[in-house]
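Okay, structure first, notes after.
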Amino acid sequence: MLQQCRTAYSLKPVFAHYIFDLYAGPLYSISNFKFKPIAQIKAQQYTICPLHSYLPNHLRQPTYVQTKMRECISVHIGQAGIQVGNSCWELYCLEHGLQPDGQMPGDKTIGGGDDAFNTFFSETGAGKHVPRAVFVDLEPTVIDEVRTGTYRQLFHPEQLISGKEDAANNFARGHYTIGKEIVDLCLDRIRKLADNCTGLQGFLVFHAVGGGTGSGLGSLLLERLSVDYGKKSKLGFTVYPSPQVSTSVVEPYNSVLSTHSLLEHTDVSVLLDNEAIYDICRRSLDIERPTYTNLNRLVSQVISSLTASLRFDGALNVDINEFQTNLVPYPRIHFMLSSYAPVISSEKAYHEQLSVAEITNSAFEPTSMMAKCDPRHGKYMSCCLMYRGDVVPKDVNAAVATIKTKRTIQFVDWCPTGFKCGINYQPPTVVPGGDLASVQRAVCMISNSTSVAEVFSRIDHKFDLMYAKRAFVHWYVGEGMEEGEFSEAREDLAALEKDYEEVGLESADNEEDDGEEY
């Protein structure tokens, strides 16, 4: 029978432009082969078997055939989205050995000839690799930094879209007035990128919900993407306001209005919060005063770990749709916590062992969470553990078994398995001169916990204090928004809090009947 694998066997130089394409039936004779130019096979799914019994020795050189592409398009919106994006693309280039201009050094072939990284980059005829990404902001300052920065030659100029006046921290400006003028141009650029894909898998959307552009334009773009690409997955990496540190007075309004839209138009949202990441940098990396660059480089490691399985080979690779299937028990309950381990400086790493068990335990520590909420106050519904580097399934199973015995880590009883594990062989890459130590293995955890409701209740409380006095509401109404939208969005979030509460309570009711289970 035929078997699925990535290895075919290429011909010697005289037939260098051709490769075998096998029919799916059993191979009885050489007549079952047909030849195709390599140019024609790039985007096809191949079912291939080793041809040892049919080919003489001199035709058995291993090479690689690319399986069908599963591309992802990244959309970076507003200052936060763009700055996180800068760190991500810097890291992707380092991981794949690309130069800042998108060229591959002449002496390098990626992954032994496997070009799965084309899920994130498209290759031009000149051999340049261009990110499948769009950067958009309503004012030019932040995007101008990309246009003049180290990676200015990496991006196509049309992928960097900026307006002339910003959203002034106002959701309504980003969603109804200024944002509406630019959204069609954004969608046109995204459509061009999508047309260039052979099997578009979905979108990664980066934005913050506290400002005007990330919340307003972010919501508008997500709504339009739902219309144009309804069946494609949309993963959001969303920066939520911090409990103590505020960048604008009207953050609670913008966050509630934006979350109302995220509930319907994203499939999975990974919550991030600057204060939590500041604390991780201070505590684990001994950085006294972390900058946004420090924060973003840490966030980019999480995003890189999530997407590594799309870009590299591994034993248990995880597809983007798999996150959704394994993490989201009900459509609205799709807001995730993330953590990463080991977060450790070079000085400390030299003296520590960092086994699979240790990094797994570390990922479950409340202080490792990249949003300010304590998972001990809730219950886990499911979690995804993405390991990379020198990791074998046996060690992962042992580490997960240990976690399951811990009383502090509680799962709802209606989800007895709860764990989805992925292993990718590519070890984590660190930015030269960065804060993180180079390590042999790392883990990124994305978890769905009822404790996420803490984040929403904090924002709702601040929203209520302001909205009771109708403070600042006139700025929103003046941009064409109706006051009723405030109460509609707030009611939706109240319902979301109730949903999380009920998901935890269902479990509590069963415990009363059956006795406690650990």
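Coordinate-derived values only; no laboratory data. Source: prediction; values computed, not measured. Backbone-built Cβ (ideal geometry, glycine too); neighbour counts: all protein chains shown.
Observations on the model:
- Positive end of the dipole of region 72-454 (Cβ unit charges, origin at the Cα centre): among T360, S122, C93, the Cα lying farthest that way belongs to T360.
- Size descriptor, Kirkwood hydrodynamic radius, that averages inverse alpha-carbon separations across region 228-317, Å: 15.4 Å
- Order of T325, T148 under a 10 Å beta carbon neighbour criterion, fewest first: T148, T325
- The alpha carbon centroids of region 323-359 and region 170-201 are separated by 32 Å.
- Kirkwood Rh, Cα atoms: Rg over Rh of region 72-454: 0.94
- Length added when fully stretched, E358-D228, from 0.36 nm per residue minus Cα-Cα: 42.4 nm
- Ascending count of other beta-carbon atoms within 10 Å, so fewest first, for W89, W414, W475: W414, W475, W89
- Each of R388, R191, R458, R332 has some number of other Cβ atoms within 10 Å of its Cβ, and from fewest to most they run R191, R332, R458, R388.
- Debye log10 I(q)/I(0) at q = 0.26 Å⁻¹ for region 244-289, Cα point scatterers: -0.96
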